[in-house]
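The values are calculated or read from the model by the stated rules, or taken from the named source; none is laboratory data. Keep in mind that this is a model prediction, so the values were computed, not measured. Please note: Cβ atoms are built from the backbone with ideal geometry, for glycine as well, and neighbour counts cover all protein chains shown. Note: accessible area is taken over every heavy atom of the protein model, side chains too, but ligands, DNA and RNA are not part of it. Shrake-Rupley method; radii C 1.70, N 1.55, O 1.52, S 1.80 Å.
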Amino acid sequence: KGNEANDAGGGRAGIVSRYGDVAGMRGDRGAGSMHFDRLCSSCHAMGGRGHAVGPDLASYRGKPVGDFVLAVLDPNAAVDARHRTRRVEMRDGRELAGVVAGETASGFVLVQPGGVRERIARTDMARMEDMASSLMPEGFEEALTMQGMADLAAWVREAPRGFGTATPSEAQANRERWRKEGAS
């Protein structure tokens with residue numbers, strides 16, 4: 001089946017609008033897991049998979065599905081300064097793009113898709129440009145049908161969490177349940 005939302009009119013807002021029914025759809029977490037691996041894992045880490053380049057998707061667990069759809073289909077609608085794309089021209093002629101991490105007076109680490117981390121000395125850099133946009137490209141509507149988006153949203157909302165990521169209230173509830181079950 002083709003992509004239900006693939007047409008030229010309306011720009012990003014129109015595309016997001018056409019995916020409005022995703023919030024009411026039932027998603028398949030297994031299929032969503034495969035979509036994550038194929039489309040998202042080069043820049044996002046979740047459930048012990050992927051690379052932590054872009055924002056932590058766990059923040060979408062408790063948000064409305066529509067917020068997730070907007071973030072995927074219009075990644076430049078709201079870009080956190082920590083995740084803006086930086087284009088770096090090196091004195092040796094290379095051009096790199098990524099997200100700046102670990103910045104110091106003498107340099108920084110440029111984190112690129114796939115989790116590639118390159119230490120950049122300011123003396124080796126010809127110039128750096130803040131693109132004020134996300135490293136995440138537009139166009140995921142070409143790769144995700146509305147059902148695919150519902151599947152991906154279902155997986156993100158219920159993906160396994162890493163060790164030590166429980167909130168204080170979740171940790172307390174787990175301790176109480178553990179004690180009630182007779183653990184010593």
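Computed values, structure above
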| item | result |
| --- | --- |
| Residues within the range 3-35 that are in contact with a Phe, Trp or Tyr (Cβ under 6 Å, 6 or more places away or on another chain), crowded, with 18+ Cβ neighbours inside 10 Å and either modelled with pLDDT of 95 or more or not in a loop (DSSP other than H, G, I, E, B) (or both), tallied | 2 |
| Evaluation of His83 against (1) open to solvent by less than 50 Å² (accessible area, probe 1.4 Å); (2) farther than 16 Å from Ser134 by Cα; (3) within 15 Å of the chain's Cα centre (by Cα) (one fails), failing number | (2) |
| Yes/no for Asp67 being over 22 Å from Leu135 (Cβ atoms) and either open to solvent by 70 Å² or more (accessible area, probe 1.4 Å) or of a type in the set (D, E, K, R) (or both) | no |
| Residues located in the range 51-64, provided they are over 23 Å from Met25 (Cα atoms) and either among the β-branched types (Val, Ile, Thr) or open to solvent by 40 Å² or more (accessible area, probe 1.4 Å) (or both) | His51, Ala52, Val53, Pro55, Asp56 |
| Unmet criterion (only one of (1) at pLDDT below 95; (2) at positive phi) for Arg61 | (2) |
| Test: residue in the range 147-165 that is at pLDDT 95 or above, of a type in the set (Asp, Glu), within 22 Å of Pro55 (Cβ to Cβ) and open to solvent by less than 30 Å² (accessible area, probe 1.4 Å) | yes |
| The listed residue being open to solvent by less than 50 Å² (accessible area, probe 1.4 Å) and at pLDDT 95 or above, out of Glu129, Glu141 | Glu141 |
